């Protein structure tokens, strides 16, 4: 049972890294005239993700972590609605991706500190450095100079999401006990 759950976690990590990379490439390749459509897709995608997370909560056990995930799902739903409804959407998108990169960086630092360092991996400090760079990238998006031009903002977000995808892959290889498989 434990190995099945670990296998699910591994597949989920790999798929998340691939999806982030694909979405980053789409954001980088998107012409300026299609940015509004991409923003709408982003808003609807956030609402669908929130709906899936809420349905998982309703069908799962009612433990504390599931209530925390429910709160996260409700925040994602509100942000998705804000992306679809508000006029100054560029500000909202910059804030959403900035906060997401900061959260991913913090989680990566915690994982590196708790798992890679304790497993005595030789390069665990590289993961901490990459995670700190993710936090800096999130802070740059929060106070970025690109909010006036949506195309430049989407290019910056695309580059930072591609970097986040690479950090996720490095985190998976650093933390996961691949040698024993």
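Every read-out reported here was derived from the displayed coordinates using simple, explicitly stated rules and does not represent laboratory data. The model shown is predicted, which means the values in this text are computed figures rather than measured ones. Methodologically, a virtual Cβ is constructed for each residue, glycine included, from the backbone with ideal geometry; neighbour enumeration extends over all protein chains shown.
Here are a few things to note about the model shown:
- Pair residue 37, residue 10: separation of 7 Å Cα→Cβ label points (nm): 3.9 nm
- The calculated FRET efficiency for the pair residue 85 and residue 120, based on their C-beta separation and a Förster distance of 45 Å, comes to about 0.35.
- Inter-label distance, nm, simple model (7 Å from Cα along the C-beta direction), residue 18/residue 166: 2.0 nm
- In Å, descending, principal axis extents of the Cα set of segment 22-126: 50, 37, 21
- In this simple spin-label approximation, residue 52 and residue 143 carry label points 7 Å from Cα along the Cα→Cβ vector, and these lie 3.5 nm apart.
- Top of 109, 89, 65 by mean-square fluctuation, Gaussian network on the chain, Cα under 10 Å: 65
- Three-way shape call for segment 43-85 based on the alpha-carbon gyration tensor, with the a/c threshold at 1.5: prolate
- Taken as Cα centroids, segment 12-46 and segment 96-118 sit 22 Å apart, rounded to the nearest whole angstrom.
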